[in-house]
Amino acid sequence: LSQDVLYAMGEILGVVIGLLIALQINNWNEGRKIHLQDIEFLNNLKVELSVDISALRDRKSHYQRINNNIKNTIKLFDGGVQSLTPDEHQEIVSALTDFQILTPINKNINRNDLVIAQGTIDRIDKELNRRFITYLQNTQSINAAITKLGETLQQLNILYIHPNVDYNEINPKAKRIDFSYEEIFDKKEIRNALQASFRYRNSYINDINGLVEEAENLIILIDEKLAGAE
């Protein structure tokens, strides 16, 4: 081969090698970019789950306090106590006032639909993806059930609690709720309504325990992925 041909071939080979190197660098940069995006996503998901856990635990504590008042009120009703101490009276006030409180955690379970549909979590870790989808499905199912039970308690409140108590919402100096214990302690419909309120709320407390455990296990998986990504 002539000197010119060898020179031309060398130039072509140099260009090809340069392009391959540039392509490799570009692929590395893209891979690094995706890697950093995945780390950011996992950290954000961990924060979201931590917020969920905090909200669930706060709701659990709130509902346990309500149920403790309801349980003590049912005991007073079942015991047929004819006179109340100030603390007992306040427990019944709280039980009757909070009777219908039963709402799910306000969590937007659709916020991660796009990343799930795009396969982002599945690409990062298939087990994490499976567990996270299960967690969202369980949250949706529990929220739907609790919403219906909450609506039932509202109806029971209208039917059995409202007719027997006076609510003083307008006058700030008046008691917020007034009732005659002698007139309501032997009403089975009130006792049964309180029992339903306790049972529904207790069921949700148990569901909360399960959701917290699922979220904590997800965080463990995320921490393992983050540790391996460093």
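The values are calculated or read from the model by the stated rules, or taken from the named source; none is laboratory data. The shown structure was predicted, so the numbers you read here are calculated from the model rather than taken from an experiment. Every residue, glycine as well, gets a Cβ built from its backbone with ideal geometry; the counts of neighbours run over all protein chains shown. Each accessible area value is taken on the protein alone, full model and side chains, heavy atoms only, with ligands, DNA and RNA left out. Shrake-Rupley method; radii C 1.70, N 1.55, O 1.52, S 1.80 Å.
For this structure, a couple of remarks:
- Identity of the residue in segment 176-193, of a type outside the set (K, R) and part of a loop (DSSP other than H, G, I, E, B), that ends up most open to solvent (accessible area, probe 1.4 Å): D186
- Scan of segment 160-183 for residues that are at pLDDT 85 or above and either more than 15 Å from H89 (Cβ to Cβ) or in contact with a Lys or Arg (Cβ under 9 Å, 6 or more places away or on another chain) (or both), ordered by number: Y160, I161, H162, P163, N164
- Residue in segment 56-67 that is in a helix (DSSP H, G or I) and farther than 18 Å from Y200 by Cα present: no
- Screening H35 against (1) in contact with an Asp or Glu (Cβ under 8 Å, 6 or more places away or on another chain); (2) within 28 Å of A227 (Cα to Cα) leaves a single unmet condition, (1).
- D78 meets each of the listed conditions (1) over 30 Å from F185 (Cα atoms); (2) loosely packed, with under 15 Cβ neighbours inside 10 Å apart from (1).
- Residue, most open to solvent (accessible area, probe 1.4 Å), within segment 81-102, restricted to residues that are of a type in the set (A, V, I, L, M, F, W, C) and farther than 21 Å from K188 by Cβ: I101
- Segment 92-110, residues that are more than 23 Å from K71 (Cα to Cα) and either in contact (Cβ under 8 Å) with a residue 40 or more places away in the chain or more than 22 Å from the chain's Cα centre (by Cα) (or both): I105, K107
- Subset of segment 215-228 (residues that are open to solvent by less than 50 Å² (accessible area, probe 1.4 Å), under 17 Å from the mean Cα position of the chain (by Cα) and not small (G, A, S)): L218, I219
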